[in-house]
1. Take segment A:1-26 and flag every residue that is among the charged types (D, E, K, R) and at pLDDT 95 or above.
2. How many of the residues making up segment A:82-124 are of a type in the set (F, W, Y) and either part of a strand (DSSP E or B) or in contact with a Phe, Trp or Tyr (Cβ under 6 Å, 6 or more places away or on another chain) (or both)?
3. Can you pull out the residues in segment A:33-65 that are among the hydroxyl-bearing types (S, T, Y) and more than 18 Å from the chain's Cα centre (by Cα)?
4. Among the residues of segment B:52-70, count how many are within 13 Å of chain A (Cβ to nearest Cβ) and touching a residue at least 24 places away in the same chain (Cβ under 8 Å).
Amino acid sequence: METPCCCFHRLRAVDVIELTTSAIRPDELRARLFDPAAGAYCGFEGWIRNHNEGQSVLRLEYEAYEPLALTEGEKILEEAKSQFPHLRAHCVHRTGLLEIGECAVWVGVSAPHRDEAFQACRYIIDQLKVRLPIWKKEHYVDGHSGWVNCERCAKSA
Amino acid sequence: MKTVTVRYFAMFREHAGIDEETLSLDAETTADVFHATQDRHGSSEPSGHCKVAINDVMADWDSVVTDGDTVLLFPPVAGG
């Protein structure tokens, strides 16, 4: 295990959003947010669950329009940073086919105090969900599939 | 008439059966383009739940479309 003090000297990309087809590793990502001035870290992991609106879900498929998902995601991180001074923030979203229990999205922030960390993390995940051009298709145990929020958008609006 | 390239994503792509197409349309706004594609492909998703972009920049449903633009039609998003 790396200790935080090692990571201060070799920080990798932070304050960005990434899309990936590989497994998200929250521990490695969290290390990018270490900051000697930060007293708080807050992370959110969105997991693939085995049910949605009464249906048994087998797996999920995510599609993203990468150019705009990245620019819109960067705007959201900038908005969070302008609201919460000294914030560091990072986000990774999966694309492709995901199985039950996998991490679909990770948001991590560090800030001087816990209140800003909680609020900033919440702001980022809430905005990501409604603004990024990302879609998910649920594949159900009974063999059929459906785009989330589309076929049922009247109900979920 | 304007020549507009329309790109479809997720459910819209599946409804249309194609990723994109170039259309000659008498369209003023992105909403006009959206309704024309709905008539063409039989989709009935309300635009209020959807998003639109012009040439890779997020736009509104009253944004004006010019000749040669690429209009991207996004069905309701569901990240996270």
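1. First, pick out the residues of segment A:1-26 that are among the charged types (D, E, K, R): A:2, A:10, A:12, A:15, A:18, A:25.
Residues satisfying the conditions are A:E18, A:R25.
2. First, pick out the residues of segment A:82-124 that are of a type in the set (F, W, Y): A:84, A:106, A:118, A:123.
Those still in the list that are either part of a strand (DSSP E or B) or in contact with a Phe, Trp or Tyr (Cβ under 6 Å, 6 or more places away or on another chain) (or both) too: A:106.
Counting residues in segment A:82-124 that are of a type in the set (F, W, Y) and either part of a strand (DSSP E or B) or in contact with a Phe, Trp or Tyr (Cβ under 6 Å, 6 or more places away or on another chain) (or both) gives 1.
3. Filtering segment A:33-65 for residues among the hydroxyl-bearing types (S, T, Y) gives A:41, A:56, A:62, A:65.
Of everything in segment A:33-65, just one residue is among the hydroxyl-bearing types (S, T, Y) and more than 18 Å from the chain's Cα centre (by Cα), namely A:S56.
4. At the first step, the residues of segment B:52-70 found to be within 13 Å of chain A (Cβ to nearest Cβ) are B:52-59, B:70.
Still in the list and also touching a residue at least 24 places away in the same chain (Cβ under 8 Å): B:54, B:59, B:70.
Adding up the residues that qualify gives 3.
Yes/no per residue for (1) within 14 Å of chain B (Cβ to nearest Cβ); (2) at pLDDT 95 or above; (3) surrounded by fewer than 18 Cβ atoms within 10 Å (Cβ to Cβ):
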| residue | (1), (2), (3) |
| --- | --- |
| A:Q55 | no, no, yes |
| A:A69 | yes, yes, no |
| A:G73 | yes, yes, no |
| A:I76 | yes, yes, no |
| A:P85 | no, no, yes |
| A:A89 | no, yes, no |
| A:E99 | no, yes, yes |
| A:V105 | yes, yes, no |
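The values are calculated or read from the model by the stated rules, or taken from the named source; none is laboratory data. Computed from a predicted structure; not experimentally measured. Cβ coordinates were reconstructed from backbone atoms using ideal geometry, including for glycine residues, and neighbour counts include every protein chain displayed.
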